[in-house]
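Working notes for the structure below.
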Amino acid sequence: MKNFLIRDAIVPALLATTKEGAIRELVGTLQAAGFFRPTEVDAVVKEILRREGLGSTGIGRGVAIPHSRFEGLPQLIGTLGLSKTGIPFESIDGQDVRMVFLLVSKPDQPGPHLHALETIVRISEDDAFINQLLACETREQIWSLIEGTPNPWNRA
Amino acid sequence: MSVTIAMENGPLLGENNPLQAMVVIRNPRGLHMRPAMMIARLAAKYQCTGTLRKQDRKASLRSMTQLMLLAALQGTELELEVTGEDAQVALPILAKAIAANSSEDLELMLK
């Protein structure tokens, strides 16, 4: 996950309590980390919300993966926001979301996007990982946990 | 003679014995979240159960997340297997859905 998650954009405790608010907050942290111009934030948020409108990306077990494509990025980027209270996300299992993995991919690179989705689904099925992640209070704690996860890019 | 009787009284093809087909992913973006969701929704409309296999990885057709774990790019060859009473009806439809060129094409199949 350290291949695509931007350390400086990780949010250990989201302020937002709505789907749109969480998406806006996380795109904002990617912008602050230098990946978008301030003027591009609205377009990225709008595109992610348009995708949510086609079907929620809440995959269950408290995890959501809002995403979109955006021209001009050097590579797929992502961030993670934890919610202490839970966010209504119309997830497939009806549960509120406590882990929001937001991805923005390069339009011509489906491979990294598929592998990022695979990685996030895999960790979402790992009870021990989820419990450890939800117990994190700081960006540093989250990052050290992420650094220890296996990287499916290295798989055959 | 006994063979003929067994055939006449035996289960319909696909009822207990799995039916299989090879399917190639044609969507340029691969089997991403949206097609996975729509395939799972389509598969749930049938009585039969199905799996999609990519080498050593196997996904239930009714599970969006298991389908996402296949991380199947365009051009990936997958083994589709369905078992159940409506397997013969479902097999070609599910194969077509998995091989759809785009989410939009798949969406039309769900209507």
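When shorter helices are ignored and each DSSP H run of at least 4 residues is given -39500 (n - 2.57), the per-residue value for chain B at 222 nm works out to -11500 deg cm²/dmol.
Counting Lys and Arg as +1 and Asp and Glu as -1 over every other residue whose Cβ lies under 12 Å from the Cβ of A:PHE36, the net charge comes to -3. Model label sites at A:LEU54 and B:MET22, defined 7 Å from Cα along the beta-carbon direction, differ in position by 3.0 nm.
Could you list log10 I(q)/I(0) for the protein assembly as shown at q = 0.10, 0.15 Å⁻¹, which the Debye formula gives when each Cα is one point scatterer? Relative scattering, expressed as log10 I(q)/I(0), comes to -0.53, -1.07. Shape analysis of region A:1-57 yields a ratio of the Cα radius of gyration to the Kirkwood radius, Rg/Rh, of 0.97.
As a size descriptor, the averaged projected area of the C-alpha convex hull of region B:2-110 was calculated at 6.9 nm². Here the Kirkwood formula puts the hydrodynamic radius of chain A at 15.4 Å, using every distinct Cα pair. Since only A:HIS115, A:SER56, A:LEU76 are under comparison, the one whose Cα sits farthest along the positive direction of the charge dipole of chain A, derived from C-beta charges on Lys, Arg, Asp and Glu, is A:LEU76.
Helix B:87-98 and the long axis of chain B differ in direction by around 10°, with both axes built from C-alpha atoms. Comparing region B:42-96 with the 2.2 N^0.38 Å rule of thumb, its C-alpha radius of gyration ratio is 1.08 (two decimals). What you get for the protein assembly as shown, charging only the Cβ of Lys and Arg (+1) and of Asp and Glu (-1), is a dipole of about 400 debye around the Cα centre. Expressed to the nearest 5 percent, the antiparallel share of DSSP beta bridges inside chain A is 55 percent. Bridgeable lysines around A:LYS19 (alpha carbons under 21 Å apart, same-chain partners fewer than 8 residues away excluded): A:LYS46, A:LYS84. For the peptide B:23-33, the mean number of other protein chain Cβ atoms found within 10 angstrom of a residue's Cβ is 3.
Straight-line cross-link reach from B:LYS111 at under 20 Å between alpha-carbon atoms covers these lysines, not counting any fewer than eight positions away in the same chain: B:LYS45, B:LYS96. Think of it as helices only: each DSSP H run of n ≥ 4 in chain A is worth -39500 (n - 2.57), and spread over all residues that comes to -11500 deg cm²/dmol at 222 nm.
All of the numbers you see were taken from the coordinates with simple rules; none came from a lab. The shown structure was predicted, so the numbers you read here are calculated from the model rather than taken from an experiment. Every residue, glycine as well, gets a Cβ built from its backbone with ideal geometry; the counts of neighbours run over all protein chains shown.
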